Amino acid sequence: RRRRRKPPPLASVRGWLLQAALAVHFLHSRGVLHRDIKPANMFLSRDGARLQLGDFGLVTLADLGNHVDDGDKVYMSRELVMHDFCDLRKSDIFALGMSMYELASQAPLPTTGDAYHAMRDGNIPPLPGSISSRLQELILSMMHPDPAQRPSAADVVRHPLLFPLMRPESAACLRAQP
């Protein structure tokens, strides 16, 4: 069992979230779902500044409806647990939120039981004090129990907390997209 470690700096979590959200936005804008977003599929550079999303073994097209393979249940949204495939893009967002929550807290997520279900119902313990309230609100919005209330990947990238971190050429591309 993993033990709690010191939470990473706020700047690291913000940067990781932006880079992961950009990857998810790229996939979603092309009608592709990752289906297995979790920290184990996020690869950091040696200095911890760059994050790449990997392991595309469960990738599927968004228009396949309910024909999907399940990813890791620890990062699975409530609707997927209930076999409701209403908006699979929002399930990727939930998994990204859970992943960022785990990375920011440096504590393992519950795998079963009441705590597991409580997180899917929106009863989420606060992150450490080193994580700003604005970043915590963004991460928690990604984990909202109602998929319709979760932001899209583009919304996450365009969030005022993350958008200023982008390189100008990347920001210009996103401004041009709806």
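Here is a check on your reading of the model: is F43 at pLDDT below 85 and either surrounded by fewer than 19 Cβ atoms within 10 Å (Cβ to Cβ) or part of a helix (DSSP H, G or I) (or both)? The answer is no for F43. Pairs are defined by a Cβ separation below 6 Å, a sequence spacing of at least 6 or placement on different chains, a first member in the stretch 63-90 that is within 20 Å of G31 (Cβ to Cβ) and in a loop (DSSP other than H, G, I, E, B), and a second member that is modelled with pLDDT of 75 or more and open to solvent by 30 Å² or more (accessible area, probe 1.4 Å); the pairs so defined are D69/L58; G71/L58.
Restricting the first member to the stretch 35-60 and to residues that are farther than 17 Å from L88 by Cβ and aromatic (F, W, Y), and the second to residues that are modelled with pLDDT of 90 or more and in a loop (DSSP other than H, G, I, E, B), the beta-carbon pairs closer than 7 Å and six or more apart or on different chains are F43/G54.
May I ask you to verify whether I131 is aliphatic (A, V, I, L, M) and either more than 17 Å from the chain's Cα centre (by Cα) or open to solvent by less than 10 Å² (accessible area, probe 1.4 Å) (or both)? For I131, the condition - aliphatic (A, V, I, L, M) and either more than 17 Å from the chain's Cα centre (by Cα) or open to solvent by less than 10 Å² (accessible area, probe 1.4 Å) (or both) - is met. Scanning the stretch 26-40 for residues that are part of a helix (DSSP H, G or I) and open to solvent by 30 Å² or more (accessible area, probe 1.4 Å) yields F26, S29, A40.
Yes or no: the stretch 87-106 includes at least one residue that is surrounded by fewer than 16 Cβ atoms within 10 Å (Cβ to Cβ) and touching a helix residue (DSSP H, G or I) at 6+ places or on another chain (Cβ under 9 Å).
Scanning the stretch 87-106, I find no residue that is surrounded by fewer than 16 Cβ atoms within 10 Å (Cβ to Cβ) and touching a helix residue (DSSP H, G or I) at 6+ places or on another chain (Cβ under 9 Å), so the answer is no.
With respect to the conditions (1) surrounded by fewer than 13 Cβ atoms within 10 Å (Cβ to Cβ); (2) at pLDDT 90 or above, D69 falls short on a single one, namely (2).
The values are calculated or read from the model by the stated rules, or taken from the named source; none is laboratory data. The model shown is predicted, which means the values in this text are computed figures rather than measured ones. No Cβ is skipped: glycine too gets one built from the backbone with ideal geometry, and neighbour counts run over all protein chains shown. Ligands, DNA and RNA are excluded from the accessible area calculation, which covers all protein heavy atoms including side chains. Shrake-Rupley method; radii C 1.70, N 1.55, O 1.52, S 1.80 Å.
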